[in-house]
Each structure stands twice: as structure tokens, then as C-alpha cells.
Amino acid sequence: MMRLRPHRLLLATALATLAACRTVGPDYALPAEAAYNRPAANGEFLDTGNTQVQPGAALPERWWALYQDPTLDALIAQALKDNIELKVASATLRRAAAVYEEALDAGGFDYEAEASVNRAQVSAQSFLLEDKLPVFNLADGKFNVSYQFDMFGKLKRGAEAARADSEAAQAAIDLARVSVAAQVAGSYVEICHSNHELHVAEHSLELQLRSRSVTQRLIDAGRGTPPDLARANAQVAMLEAAMPPLRARRQAAEYELAALLGRTPGQLPAGVADCHAAPALAHPIPIGDGRALLQRRPDVRQAERRLAGATARIGVATAALYPDIRLGASIGATGLLADIGQGPTQAWSIGPLISWSVPSSGARARIHATEAGADAALAEFDNTVLQALREVQTTLSRYAHDLDRLRSLQEAQRQAQLAAEQNRRLYQGGRTPYLASLDADRSLVNADMELANAQAQVSQDQIHLFLTLGGGWQNTDAAANASATR
């Protein structure tokens, strides 16, 4: 029968112990009961009956290209390069990536080297001597190497948490890009529609000024009355009062767009402030379905990665209950400088180092705290999923109703324009009183303004729908991982 020498028996015991160890804490998998996995959350959207949306069709990564507007393309490209919020998010991502690299480097081999030379006098009494010792030139040199065993997965779980944090930061920058693109498009469209509404108001004012002039001529000819002129003046003043709010809206949109581009107020690319026709879609909006939405939305991916990180931290806290084991070795020399390196000055050591803080109730409380944190992260993930679905459904419903309203206002404007033209001719021919013509003009002005507002609202609805749909930048790896956990 073969007998193992003591040092070999120790090595065999250590290897058997290492083989028996495992990674503590739960392995991450998306819970089956998560809202992300519900069949209803992955199905077709509701409120898709209007002809301006295309259910099931994939949303392109850069949705603004659907407008086929070079100015809009250039504005968004510049914002994605120069926007200050994106620079902040990018810096946060780099920091999270560096923390992940640090976590990957934890454990394994550590190296340490020390060297010193001193001129000193050693205490004689420390050697139980009575006579004073002479002054020496002393030297000390040491090289240490150690290896930390991740026996219970503390380092592994820490790296998992750091990786999840890094991926959450990536999702955050994608979310910021989606938001910036939508804000740029919204500001640009607001400028265009504000200019259009100003044009409508100025045209209405021009018509009313002509009507007032006709009224003045009729009074001069003895066919009109002073109250008619007063009413005409009042209508002119009302139309002039509508101008300042429209100009204020346009300026606010210009200032917002400049900030999104990383510029100071007033520094817009040439021609942007003069836009009068907002970009329009030539085809229905592709909206996909719930499954594609949840895989595409950056905030959903961010919440899912936070859940993964919170789950990994349970393992980190659990591993704190177990000892840390290192295997270390050192070699060096200590002695008189003249003798350094010779046999009497040499020293070496090798062996394991076990450190263990006996678990207390506080350590177990930390585990419970991380478990509660994972439960909270799951609830936040579910809430993010449900809010994403709610936002899309709400926007689809509003878009459909605003399209219906737009069609009705277009017909109303056509009828109001016809009535105004007819009443104006009748009044100028003396066949109807001025009030009838004035009421028709007021109806036309109101119809023109309502129609312009409705057109602006539909444009903003489209951009908001693109925003709620996620707007591209789908992280295919994260989406594949999320699908694999179902």
C-alpha cells in the first residue's frame, strides 16, 4: 500500500477541498413570472386600425431616415456627436467599463517586491545585551507572490455584477441617444410648424386688413357704419395678438435645438430657422410588436441588466460567510549590506494563508439586504416593461385620434374658406350685413389655426411614437441573452 508523504497529503487535501467548492448565490435567469415573459406583452399592439401605422413591420435603426429630409439627418448626426448629455453618458459608460476590467483582474496572482538600505543602530537590549551595539549598514530585499483562490465564487459574482453594471451603462447611453434624436426632431418640427402657423396668422391678418379697408371705403360711400369698422379693428387686433405667442414658441424651439446640438442660443445651422414645411412621412410607421419592442427599448435592457447585477451581488454577500484562501511564497535577504545575498542572510517561505471572519448576524443581514435589492430590481424591471407597453399603446391611441381630428379639421377648413369667400362677395355687393362676413372670416381664421395646430400635433405624435418604440440602437447581444432566459 502506497503511503503519501505529509506535504503531498496536504496538497491532495487542498485539491479535494477546491474541487468540492462551488459558486455560492443564485445563477441569474430571468424569472418565468416576469412581465417580460407574458404572452400578452409579446403580442400585437392594440389601436393599430389606422392606415398610418404598419403592425409587424420592423422599425429601422435610424427612424428619422424615413422622413427623407437631409436637414433633419444632418441635425441629428451633429447632436449625436456634440450633445453634452451624451458626453456625460459616454463618460459614465467608460467608468463602468473600467470597473468591470478591475473586477476581472481581481484575484489570481499578486506580486510584490520590496527593497531598502538603512544605516541604523539596533537596540542592544532587544537582544538581551548590555553593551551598545555599533552602527551598521543594513539591507532588506523581498519578493512575494500569492494566488487567491476564488473557492466560493465571490470574485466571479463580483465580476458578473460589474459586467451587468457596464451593460446597464451601455443601455443608458442608448436611451440618451434615443431621447436626443427625438428631441432634435421635435424641436426642428416645432420650428417648421411655428413658421407655418405664423404664415397662416399673417395671411389671415392680411385678409382682415383688406376687409377693414373695404369697410372704410363703404363707410366713406355712406354704405357702412362705424360699428362695422370697430368690429373690423377688433378682429385685426385679435389676429395681431396671436403673433407673439407663436414667435415665442419658435424662439424656444430654436434655443432648445441649439442646446441639443451643443451650441449656445442663436447658433443654428444656416436655413434651419427659416423652415416653413415640416418633414412628412411618405409611408406608414412600422411599429413591430410587443416582443420586438421589449428587446429594442434601451430602458428595458437597462432594467434587466440592473436585475442581473442585483442577483450577482447576492452571491458576493453570501461568499463573505466563507474563508478567503491564498497560497503564497516569498524569497528575500535581510542582513548587513556587505553580506547581503550570502547564505546567512537568505530567507524564503511558502504556504497557504486562510483568513476567515466568523459570520455574524450583520453578515446575514447583508445577504437579506441584497436579496431584497434583487426583489426590488425585479419589480422595477416589471414596471419598466409595463410602462413601455403603456407608452406605446397610449401614443398609438392618441395618434389615431389626432389623425381623425386632422381629417375633420381639413374638411372644416375647406368649408370655412368657401363660406368666407361667399360672404365677402355678398357683403361687398351690399347683399348681406357686415356681421355675416365678419363671422365667416372669424370662422376661417379659427379653422386655419386649428388645422395648423392639428398638423403640428400629428407631427409631434409621430416623433413621440418613434421615441416610445425605442428608436433603434438595439443591442443584439443583450436581446439574445434576454431571449435565452425565457
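What follows draws every value from the coordinates through simple rules; no lab data is involved. Treat the numbers as computed from the prediction; the structure is a model and nothing was measured. Cβ coordinates were reconstructed from backbone atoms using ideal geometry, including for glycine residues, and neighbour counts include every protein chain displayed.
Among Cys192, Cys275, a tally of other beta-carbon atoms within 10 Å of each Cβ gives an order, fewest to most, of Cys275, Cys192.
Tell me, what is the percent relative contact order of the stretch 175-307, built from C-alpha pairs under 8 Å that lie six or more residues apart?
It comes to 37 percent, rounded to a whole number.
As a rough footprinting exposure proxy, the listed residues Arg250, Arg119, Arg301 were ranked by other beta carbons within 10 Å of their own, and the order from fewest upward is Arg119, Arg250, Arg301. Candidates [x] 0.95; [y] 1.09; [z] 1.28; which is the computed Rg/Rh (Cα atoms, Kirkwood Rh)? Of the listed options [x] 0.95; [y] 1.09; [z] 1.28, [z] comes from this structure. For the chain, adding -39500 (n - 2.57) for each run of n ≥ 4 DSSP H residues and dividing by the number of residues yields -21500 deg cm²/dmol at 222 nm. Net length available on complete extension from Glu421 to Ala338 is 18.4 nm, with 0.36 nm assigned per residue and the Cα-Cα distance removed. Note on the stretch 295-418: Kirkwood radius taken over Cα pairs, Stokes-Einstein applied at 37 °C and 0.692 mPa s, translational D equal to 152 µm² s⁻¹. Here the gap between Thr264 and Arg405, fully extended at 0.36 nm per residue and compared with their Cα-Cα distance, gives a gain of 47.0 nm.
Using a 7 Å offset from Cα along Cα-Cβ at Arg223, what residues in the stretch 414-428 end up with backbone N under 13 Å from the label point? Counting backbone N atoms under 13 Å from the label point, the list is 424-428. To the nearest 0.05, how large is the calculated FRET efficiency for Glu101 and Gln54 if R₀ is 41 Å and r is the Cβ-Cβ distance? The pair Glu101/Gln54 has a calculated efficiency of 0.40.
A simple spin-label model places the labels of Asn137 and Leu209 10.1 nm from each other, with each point 7 Å out along Cα-to-Cβ.
In this calculation the C-beta distance from Met243 to Ala40 is compared with R0 = 60 Å, giving a FRET efficiency of 0.75. Here the label points at Ala115 and Ala280, each 7 Å from Cα along the C-beta direction, are separated by 8.0 nm in the simple model.
Within 10 Å of each residue's Cβ, count the other Cβ atoms and sort Thr334, Thr318 from fewest upward.
Thr334, Thr318
Here the Debye sum runs over all C-alpha atoms of the stretch 269-360 as equal scatterers in vacuum, and log10 of I(q)/I(0) at q = 0.10, 0.14 Å⁻¹ comes out as -0.70, -0.89. Extension gain for Val145-Ala91 works out to 15.9 nm (0.36 nm per residue, less the C-alpha to C-alpha distance).
Think of the chain as a dipole: +1 on every Lys or Arg Cβ, -1 on every Asp or Glu Cβ, centred on the Cα centre; then among Ala120, Ser211, Ala248, Ala120 lies furthest on the positive end. With contacts taken as Cα pairs under 8 Å at a separation of at least 6 residues, the chain carries a relative contact order of 26 percent.
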